[in-house]
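Presented below is the structure to which this report refers.
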Amino acid sequence: MGTAHTPNEIGEAGVPLITDPLAEALHFMRMEGVFYCRSELTAPWGVGMPALPDCVYFHVITSGECWLVDADGTQRLAREGDLVVLPHGRGHDAVDAIGNDTPSVFDLPHEYVSRQYAILRHGGGGTATNLICGAVQFKHPAARSLVALLPEVIHVTSSTVHAEWPWMPTLLGLMAHESAATQPGGEAVVTRLSDVLVIQAIRHWIATDTESPRGWLGALDDPLIGHAIAMVHREPEREWSVASLAREVAMSRSSFSAKFTKLVGESPMQYVTTWRMHLAADLLAEEGLTVAQTAERLGYTTEAAFSRAFKRITGTPPGAVRRAPTTVDATA
């Protein structure tokens, strides 16, 4: 994954290609923090992290070590300098020793620096472990579609961090410094750096895991199909057809359709429609557009045609999505 293409790379008939479709996909990752927490923990300690659907949990171990125990009993030891991301918001426990009690993190007393940033001090006064933890939501449909392809856990060890990202220890050190010091704007620094870490963990998985199903994410690595996907992402309102997409990458209609379907797992026009409906849900729920405005934004000539497509793909009429709440509030 993540093959680099030169800026001058062209298609089969001299068509300039988008040089890095994967970077474009990652650019769409609009994150919104649900909560961020600096945890100062002393043995014995245990904290339960309840499931947060549609959220991504992350833990950075800034000092000490801890066990992360999944709901199914899987145990994972995370040491100082490690980064652990749980892309699907699975419930899990963090403990210094297996078997410790794990009260919910939301039931423990916190010192709130801001509405979404808190300091947790918890434990029995023994050996110290310090964590920076949090949960974020990806709001853009491109990001949500990408996150759906990710594994249950991404564990980036400190040795990997030092080997692959020589600048990362500096970033982690800055996070530890900002989280330990009470300075104006410190929580803003920590939250922004946390977002960077989540993106880096996803990039690490994309670059190293070649076994997992990838769908459109894997297809981005193909210079021609990746270019076509990126064009759909850039201009979803354009009047796309199999023929026009094939022309974008200078392929025959039949060859393009067969290759696209093989790599992505669905036909080109099915992908276009599904992508538009993901965007439509975002426009309706997040930006508050009317059904008519959303239909026009996505290139539909009639509201009725858009509504039929939306219900066919999502199973829900667009008006219902516009009224539905979409944000998780972990502090409620």
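The values are calculated or read from the model by the stated rules, or taken from the named source; none is laboratory data. Everything numeric here is computed off the predicted structure, so don't read it as measured data. Please note: Cβ atoms are built from the backbone with ideal geometry, for glycine as well, and neighbour counts cover all protein chains shown. Remember, those area values only see protein heavy atoms, side chains included, never the ligands or the DNA or RNA. Shrake-Rupley method; radii C 1.70, N 1.55, O 1.52, S 1.80 Å.
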Tell me the helices (runs of 4 or more DSSP H) entirely within the stretch 198-273 that contain at least 2 residues that are more than 23 Å from Leu26 (Cβ to Cβ).
242-248, 253-264
Being more than 27 Å from His177 (Cβ to Cβ) and at pLDDT 95 or above narrows it down to one of Ala78, Ala97, so name that one.
Ala97
Which count do you get for residues in the stretch 256-286 that are open to solvent by 60 Å² or more (accessible area, probe 1.4 Å) and among the polar types (S, T, N, Q)?
1
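Being in the same structural domain as Cys133 (by the TED database) and either at pLDDT below 85 or outside any loop (DSSP other than H, G, I, E, B) (or both) is true for just one of Leu68, Leu52. Which residue is that?
Numbers: Leu52 fails: either at pLDDT below 85 or outside any loop (DSSP other than H, G, I, E, B) (or both).
The conditions single out Leu68.
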State whether the residues of the stretch 40-56 include one that is small (Gly, Ala, Ser) and open to solvent by 40 Å² or more (accessible area, probe 1.4 Å).
yes
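Check whether at least one residue in the stretch 217-226 is free of Cβ contacts under 8 Å to residues at least 12 places away in the same chain, surrounded by fewer than 22 Cβ atoms within 10 Å (Cβ to Cβ) and more than 30 Å from Leu174 (Cβ to Cβ), and report yes or no. Full working, then the answer.
Initially, the stretch 217-226 is screened for residues free of Cβ contacts under 8 Å to residues at least 12 places away in the same chain, giving none.
No, the stretch 217-226 contains no residue that is free of Cβ contacts under 8 Å to residues at least 12 places away in the same chain, surrounded by fewer than 22 Cβ atoms within 10 Å (Cβ to Cβ) and more than 30 Å from Leu174 (Cβ to Cβ).
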I'd like the full set of residues that are acidic (Asp, Glu) and either farther than 21 Å from Pro53 by Cα or not assigned by the TED database to the domain that holds Trp67 (or both), limited to the stretch 80-108.
Glu80, Asp82, Asp96, Asp101
Filtering the stretch 103-148 for residues that are open to solvent by 50 Å² or more (accessible area, probe 1.4 Å), at pLDDT below 85 and either under 23 Å from Trp275 (Cβ atoms) or acidic (Asp, Glu) (or both) leaves a count of 2
Residue satisfying condition, being within 22 Å of the chain's Cα centre (by Cα) and over 26 Å from Ser159 (Cβ atoms), within set Gly46, Gly89, Gly81:
Gly89
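Does Ser179 fit the bill of being in contact with a strand residue (DSSP E or B) (Cβ under 7 Å, 6 or more places away or on another chain), closer than 18 Å to Leu131 by Cβ and modelled with pLDDT under 80?
On the way: in contact with a strand residue (DSSP E or B) (Cβ under 7 Å, 6 or more places away or on another chain): yes; closer than 18 Å to Leu131 by Cβ: yes; modelled with pLDDT under 80: yes.
In short, yes.
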Just checking, which of Glu65, Glu111 is of a type in the set (D, E, K, R) and free of Cβ contacts under 8 Å to residues at least 12 places away in the same chain?
Glu111
